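The values are calculated or read from the model by the stated rules, or taken from the named source; none is laboratory data. In this text, all values refer to a predicted model and were calculated from it rather than measured experimentally. Reconstructed Cβ throughout: ideal geometry from the backbone, glycine too, with neighbour counts over all protein chains shown.
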Amino acid sequence: MTDSSGNVKIIAIVCNWCSYAGADGAGTARLKQPYDFRVMRVPCTGRVDPLLALKAFEKGADGVLISGCHPGDCHYSEGNYYARRKFELLKRMLPHLGIEPERYTYTWVSASEAARWQQVVTNFVTKVGELGPRQGGAL
Amino acid sequence: MRIGVFICHCGTNIAATVDSHGLAERAAELKDVVHTEDVMYTCSEPGQAGIQRAIREKGLTRVVVAACSPQMHEVTFRRCVEDAGLNPHLFEMANIREHCSWIHDDKELATEKAYEIIKMAVAKVRTAEPLFPNEVDVNKDVLVIGGGVAGIQVALDLADAGLKVTIVERETTIGGTMARLDKTFPTIDCSACILTPRMVDAAHHENITIMAYSEVDRVQGYVGNFVVDIKRKAAMVDWNRCIGCELCVQKCPARGPDYFNAGLAETKAIYIPFPQAVPKRAAIQTDYCRWFQQGKCRVCSRVCPANAIDYDQQDTYVQRKVGAIVVATGMDVFPWEEYYPQYGGGRIPDVISGLQYERMLNASGPTGGHVHRISNHEEPKTVVFIQCVGSRDEAVGRPYCSSVCCMYTAKQAILTKSHCGDDTDVYVFYIDIRATGKGYEEFIKRAQSEFGVNYVRGRVSKLYEDNGKVMVRGMDTLLGHQVEIPADLVILATGTTSAEGAPQLAQTLNISYDEFGFFKESHPKLRPVETNTAGIFLAGACQSPKDIPTSVAQASGTASKVLGLLAKDKLKTSPEVAVVDQSRCVGCWKCIDVCPFSAPEKQELRDGTSRSHVIETVCQGCGICVATCPVNCISLKGFTTDSLIDQLEEALLG
């Protein structure tokens, strides 16, 4: 477990129905997680404009994680399908903006996957932690 | 703007790892924050009264509570601030428990993180606007999916209260798993004697419509106003004519597998699952019918006195409009054959599942209630039960307890003694005995002392055939030595698994399910029969393995929740919906394309041009259109882009 804090700043944008509840479940089960991430709740990953992730990088995030319901399980039927296309394009675009693609990931964690949430954030924070703070300031 | 921040200790749940008092002092420095305090239990009555007092005395116009998850208490606190005269949407929760204190150990770092979470919440509440709900009419009809004992109980409770209920059942008869059982524990009373009158009650109830051999195909709409497409599967028999006389079944020359008898026997290609079926109607399994497979036969058509056979019948679709949906799809038996090669994987004839044995014990089952070996039809002299097959076994991906097997094994052990005589040796291999219901422990004790069932603590490692016997090799962990029993019949206390197709149904309904396919309740203690989709409820074993008393009790609980919802004539809809800035809309209609609920519509303006307009009562607030609109003219109330960016800034710049 990463106990060293203040090293990197990571934003986790999560959907209300699956990943936020999964993160709640991880808390309820007292599954220890790294300090270096802040959760921002949205109703659905379909609400997430990729520009929001870029905005996070612009404001100084060292990593951005987006997580929602598994494909097929979206609370709003198909929000995560729209989201997936956009997130995939964003992934390809990041290197052109000078951002290492490893600093960004999107994933699916359901409300019952508390242990998976712990694993996802731990892995991502560790990976971004190895890269260290992002150099070059705004984008 | 006057913001108040209340920081909860939650006893020691938060305060043990987060310095709530220190945070209250620091939060006072934040912009627009005029009042902060730390509270032992914010959700308690004095805690809520304190918030209301501060709103009145300090003139607060916005409130932040830093405590548990909004999924836990957002509703509680919104109501609290509303009672004090504040719009409930001028409130925000900072989750410093599930997302901070419970997942960290270092108090200093956790407190720092909690501070940032609070800053984000304050930033969000600063952009909040008062929102007002709309009202929609409520359809008071109910759809119950699954006609097992839980579904029947829900339907009868609701119908007795005066609501119109439709039961959709995918088999040709209602009754579910309970209809296949012989006796029920811990009273050893006859399962059919309890269930079949209830089935008939449901069939005759003026407020209940049973759609058997049907499946839910599509669900649209939202709480209070669902539109459900139901597929009525072709039975190849006109059920309006069929009288259930079974002449066709008697004369049919083709045989097929018998689902109802758990594969213990065969059925005819045209079949009625059991004599008390409701509705008692025949259906053709076309995969086994000679007419459908070989193009000749038509015996059923010739013998049918009602002229009901219709080989050209097609699936049909009907639509139902309902205000609430109850899911009661039950469970299936764990497919042990695929997972337990050490128990023969289904190749040893005298090793059968608990449900197969249940059918064998049943007087209307394929053996007429006579217990015999499958291999030679002789009465067994030594019967061995093995518990936890497909339960509490991580090796087969089933870590959970199926909750019924200990009890039904004890019941079957007792019944074995009464069917085959006292001199029959009965052994039960177990890991632990779970007998937690009313009268359950006493029942186990009866099996042991009164009926002389031998309980052996330990797992069975191997079953193999030897000299006409099934050799049971296992460990007696209490005596600490290996045992080997030559058995005539071995019954596996097969665990329960989610019903076939459960994940697909969950996707149709937009409800959550767990890794095993059991549907997820909204909250195990606060909202145990609700799902996260408003208006959709759960009953029975589809939520987790349950026995009959628990399923029925839960089903009545579910019915009361449905009644609570439908007692209102109008429902308030969430005001957190999308809104279009029509002055900037370019009329590309991408919002209309992406919306899963058909909420945006074209609205013609006075100048003859059209702009997008979101119907507030239809919008579910997902925000897909917001992220799709190319000119950013759609905003999601409660989750505006500004509020999200403000949160980002607080999290990153602080």
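All conditions in (1) in a loop (DSSP other than H, G, I, E, B); (2) modelled with pLDDT of 95 or more; (3) touching a His at 6+ places or on another chain (Cβ under 7 Å) hold for A:Ala23, with the sole exception of (1).
Here's the yes/no breakdown for (1) over 30 Å from A:Glu78 (Cα atoms); (2) modelled with pLDDT of 95 or more; (3) in the same structural domain as B:Thr382 (by TED's automatic domain parsing):
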site	(1), (2), (3)
B:Gly452	yes, yes, yes
B:Asp476	yes, yes, yes
B:Ala487	yes, yes, yes
B:Glu515	no, no, no
B:Pro524	no, no, no
B:Val529	no, yes, no
B:Thr533	no, no, no
B:Gln543	no, yes, no
B:Asp547	yes, yes, no
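Against the numbered list (1) assigned to a strand (DSSP E or B); (2) closer than 14 Å to B:Pro186 by Cβ, B:Gln412 comes up short only at (1).
Just for the stretch A:63-78: of the residues that are closer than 21 Å to B:Ser598 by Cα and in contact with a helix residue (DSSP H, G or I) (Cβ under 9 Å, 6 or more places away or on another chain), which one is farthest from the other protein chains (Cβ to nearest Cβ)? Steps first, answer last, please.
Filtering the stretch A:63-78 for residues closer than 21 Å to B:Ser598 by Cα gives A:71-78.
Now narrow it down to the ones that are in contact with a helix residue (DSSP H, G or I) (Cβ under 9 Å, 6 or more places away or on another chain): A:71-74, A:76-78.
On the way: A:Pro71: 10, A:Gly72: 5, A:Asp73: 6, A:Cys74: 7, A:Tyr76: 4, A:Ser77: 4, A:Glu78: 5 Å.
Selected residue: A:Pro71.
Could you tell me whether any residue of the stretch B:418-438 is modelled with pLDDT of 95 or more, hydroxyl-bearing (Ser, Thr, Tyr) and in contact with a Gly (Cβ under 9 Å, 6 or more places away or on another chain)? Taking every residue of the stretch B:418-438 in turn, at least one turns out to be modelled with pLDDT of 95 or more, hydroxyl-bearing (Ser, Thr, Tyr) and in contact with a Gly (Cβ under 9 Å, 6 or more places away or on another chain). The residues in the stretch B:607-654 that are more than 7 Å from chain A (Cβ to nearest Cβ), free of Cβ contacts under 8 Å to residues at least 40 places away in the same chain and small (Gly, Ala, Ser) can be counted, and the count is 3.
Would you check if there is a residue in the stretch B:119-133 being part of a strand (DSSP E or B), touching a Leu at 6+ places or on another chain (Cβ under 6 Å) and modelled with pLDDT of 95 or more?
Residues of the stretch B:119-133 that are part of a strand (DSSP E or B), as a first pass: none.
Within the stretch B:119-133, not a single residue is part of a strand (DSSP E or B), touching a Leu at 6+ places or on another chain (Cβ under 6 Å) and modelled with pLDDT of 95 or more.
Identify all residues within the stretch B:580-602 that are within 14 Å of another protein chain (Cβ to nearest Cβ) and farther than 19 Å from A:Glu78 by Cβ; write none if there are none. None - no residue of the stretch B:580-602 is within 14 Å of another protein chain (Cβ to nearest Cβ) and farther than 19 Å from A:Glu78 by Cβ, so the list stays empty.
Only one of the numbered conditions (1) within 14 Å of chain A (Cβ to nearest Cβ); (2) surrounded by fewer than 21 Cβ atoms within 10 Å (Cβ to Cβ); (3) part of a helix (DSSP H, G or I) is violated by B:Asn13, and that is (3). For the stretch B:184-192, the criterion of being surrounded by fewer than 22 Cβ atoms within 10 Å (Cβ to Cβ), modelled with pLDDT under 95 and of a type in the set (D, E, K, R) is met by at least one residue. When each of A:Gly22, A:Gly60 is tested for being facing chain B (nearest Cβ under 8 Å) and touching a residue at least 40 places away in the same chain (Cβ under 8 Å), the lone residue that passes is A:Gly60.
Results for (1) touching a Ser or Thr at 6+ places or on another chain (Cβ under 6 Å); (2) of a type in the set (D, E, K, R), shown as yes or no for each residue.
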| site | (1), (2) |
| --- | --- |
| B:Leu509 | no, no |
| B:Asp514 | yes, yes |
| B:Arg527 | no, yes |
| B:Asn532 | yes, no |
| B:Gln543 | no, no |
| B:Ser556 | no, no |
| B:Asp569 | no, yes |
| B:Ser574 | no, no |
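The set of residues in the stretch A:85-129 that are surrounded by fewer than 18 Cβ atoms within 10 Å (Cβ to Cβ), closer than 20 Å to B:Ala627 by Cβ and among the aliphatic types (A, V, I, L, M) comprises A:Leu89, A:Met93, A:Leu97. Taking the stretch B:457-500 as the region of interest, the strands (runs of 3 or more DSSP E) fully inside it that hold 1 or more residues being more than 17 Å from B:Lys381 (Cβ to Cβ) and in contact (Cβ under 8 Å) with a residue 40 or more places away in the chain are B:460-466, B:469-476, B:489-494, B:496-498. Is it the case that A:Tyr81 is without any contact (Cβ under 8 Å) to a residue 60 or more places away in the chain, more than 14 Å from the chain's Cα centre (by Cα) and more than 7 Å from chain B (Cβ to nearest Cβ)? When the stated conditions are applied, A:Tyr81 passes them.
Using the structure shown, decide if B:Thr42 is in a loop (DSSP other than H, G, I, E, B) and surrounded by 24 or more Cβ atoms within 10 Å (Cβ to Cβ). For B:Thr42, the condition - in a loop (DSSP other than H, G, I, E, B) and surrounded by 24 or more Cβ atoms within 10 Å (Cβ to Cβ) - is met.
Within the stretch B:48-73, the set of residues being buried (at least 17 other Cβ atoms within 10 Å of the Cβ) and free of Cβ contacts under 8 Å to residues at least 40 places away in the same chain comprises B:Gln48, B:Gln52, B:Ser69, B:Pro70, B:His73. Scanning the stretch A:84-103 for residues that are in contact (Cβ under 8 Å) with a residue 40 or more places away in the chain and either within 8 Å of chain B (Cβ to nearest Cβ) or in contact with a Leu (Cβ under 6 Å, 6 or more places away or on another chain) (or both) turns up just one, A:Leu97.
Taken together, the residues in the stretch B:565-583 that are over 22 Å from B:Ala128 (Cα atoms) and either more than 25 Å from the chain's Cα centre (by Cα) or part of a loop (DSSP other than H, G, I, E, B) (or both) amount to 5.
For the stretch B:136-164, taking the residues that are among the small types (Gly, Ala, Ser) and surrounded by fewer than 24 Cβ atoms within 10 Å (Cβ to Cβ), the one that is nearest to B:Ala203 (Cα to Cα) is identified as B:Ala159.
Scan B:Gly256, B:Gly263 and give me the residue that is within 22 Å of B:Gly148 (Cβ to Cβ) and at pLDDT below 95. Let's see the steps before the verdict.
Numbers: B:Gly256 fails: within 22 Å of B:Gly148 (Cβ to Cβ).
After applying the criteria, what remains is B:Gly263.
Restricting attention to the stretch B:210-260, the residues that are of a type outside the set (Phe, Trp, Tyr), more than 20 Å from B:Gln313 (Cβ to Cβ) and part of a loop (DSSP other than H, G, I, E, B) add up to 4. For the stretch B:74-95, indicate whether the set of residues that are within 14 Å of chain A (Cβ to nearest Cβ) and surrounded by fewer than 20 Cβ atoms within 10 Å (Cβ to Cβ) is non-empty. Within the stretch B:74-95 (the criterion being within 14 Å of chain A (Cβ to nearest Cβ) and surrounded by fewer than 20 Cβ atoms within 10 Å (Cβ to Cβ)), the answer is yes, since at least one residue qualifies.
Just the residues that are more than 8 Å from chain B (Cβ to nearest Cβ) and part of a helix (DSSP H, G or I), please, taken from the stretch A:26-49.
A:Thr45
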